[in-house]
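The values are calculated or read from the model by the stated rules, or taken from the named source; none is laboratory data. Because the structure is a prediction, the values reported are computed rather than measured. Note: ideal-geometry Cβ built from the backbone for every residue, glycine included; neighbour counts use all protein chains shown.
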Amino acid sequence: MKKILIVGILAFAMIASAGLVSAGTTVDTFWNGVGIFDTHFNAGDDATSDFWTSGNAISGEWHTTVTPNTQYPYMNVDSVTTEVKSSVGNGFMKYKFTRDDSYGSYGPAGQESYTFIDTVGTGDFAWRSTSNYASLKSCNYGWQASGQMQATGNQEIIHTFGTVSEWAGIHVLADATTSISDMSETSNSGGYTFGKGCGCYTNANVDITGSGTFDLSAYADNSITTQTGGITTDGFLNIHSAFNNGFHYNNFALSGN
């Protein structure tokens with residue numbers, strides 16, 4: 001039976017759990033206070049989930065469930081889901097979920113969802129990641145459909161999805177009020193989607209009031225196609241804006257392979 005390692009550390013707010021549990025288990029963690037909290041979840045060799053936060057005010061919840069693949073046990077790859085909702089004042093939040101295992105024809109593992117929010121102000125983050133033998137997906141419908149990444153004040157927001165070789169990401173540097181909706185992302189042996197997928201309607205928007213810079217970047221070996229704007233290319237795509245009075249991007253969704 002696979003074993004899952006959980007490590008939680010929190011200074012000045014609460015004590016988190018640490019130990020080994022078996023597959024088919026849900027782990028729930030909550031925090032509220034001042035200081036530093038981080039948690040690390042290793043679902044055997046199938047997936048790794050990590051979260052860090054520090055600030056003058058931190059609060060949130062973190063849930064991870066490991067579900068054995070009883071339908072196809074010979075694949076030896078469990079399904080792993082992590083759900084996070086977190087807030088910070090004058091500090092940062094960092095989230096990383098990595099799909100570490102796959103099965104045969106479904107392509108190599110290594111897909112990762114990563115988010116970093118750092119602000120002299122307030123920040124909010126809500127996310128759900130699920131990995132299994134075939135893919136890594138971020139299906140936020142039913143968890144939080146809009147505004148998954150938000151910040152006020154002097155801020156940096158980074159969000160990326162994909163592998164080392166094929167990926168897409170958003171980068172915001174601003175003194176502003178920012179809200180990013182990114183409801184769905186998917187990956188499989190045929191490529192990836194960014195800002196869409198999971199069988200859901202597309203909800204991929206950026207609203208920034210203030211000044212700063214915005215970048216949407218993507219890389220794919222064969223083709224990148226935007227859902228709006230009519231862009232099809234290969235290699236590296238970058239959409240950049242430097243603004244003084246605000247920025248809005250309606251539907252940044254794209255796909256790559």
Practice task
Scan segment 103-113 and give yes if some residue there is out of contact with any Phe, Trp or Tyr (no Cβ under 6 Å at 6 or more places or on another chain), at positive phi, assigned to a loop (DSSP other than H, G, I, E, B) and of a type outside the set (Phe, Trp, Tyr), otherwise no.
Solution key: yes
Problem - Check on residue 246, modelled with pLDDT of 95 or more, surrounded by fewer than 14 Cβ atoms within 10 Å (Cβ to Cβ) and not hydroxyl-bearing (Ser, Thr, Tyr) - result: no
Completion exercise
Residues of segment 66-113 being of a type in the set (Phe, Trp, Tyr) and surrounded by 18 or more Cβ atoms within 10 Å (Cβ to Cβ), in sequence order, are 95, 97
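Just to check your reading of the model, which residue among 9, 15, 36 is at pLDDT 95 or above and either assigned to a strand (DSSP E or B) or of a type in the set (Val, Ile, Thr) (or both)? I'd like the intermediate steps shown before the answer.
Details: 9 fails: at pLDDT 95 or above; 15 fails: at pLDDT 95 or above.
Criteria check complete, one pass: 36.
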Exercise for the section: Return the residue satisfying two criteria in turn: it lies in segment 147-175 and is in a loop (DSSP other than H, G, I, E, B) and not β-branched (Val, Ile, Thr), and of such residues it is surrounded by the fewest Cβ atoms within 10 Å (Cβ to Cβ). Expected result: 165
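Can you find a residue in segment 212-228 that is among the small types (Gly, Ala, Ser) and within 14 Å of residue 113 (Cβ to Cβ)?
Within segment 212-228, none of the residues are among the small types (Gly, Ala, Ser) and within 14 Å of residue 113 (Cβ to Cβ).
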Fill in the blank from the handout: Restricting segment 128-138 to residues that are touching a Lys or Arg at 6+ places or on another chain (Cβ under 8 Å) and surrounded by fewer than 23 Cβ atoms within 10 Å (Cβ to Cβ), the one farthest from residue 58 (Cα to Cα) turns out to be 135
Exercise for the section: State the number of residues belonging to segment 179-203 that are closer than 15 Å to residue 252 by Cα and buried (at least 23 other Cβ atoms within 10 Å of the Cβ). Expected result: 9
Handout entry: Among (1) assigned to a loop (DSSP other than H, G, I, E, B); (2) farther than 20 Å from residue 136 by Cα; (3) modelled with pLDDT of 95 or more - the single one residue 77 does not satisfy
Key = (2)
Problem - Test for residue 178: is it in a strand (DSSP E or B), in contact with a Lys or Arg (Cβ under 9 Å, 6 or more places away or on another chain), at pLDDT 95 or above and within 19 Å of residue 126 (Cα to Cα) - result: no
Problem - Residue within segment 218-230 that is without any contact (Cβ under 8 Å) to a residue 12 or more places away in the chain and either farther than 24 Å from residue 83 by Cα or crowded, with 17+ Cβ neighbours inside 10 Å (or both) present - result: yes
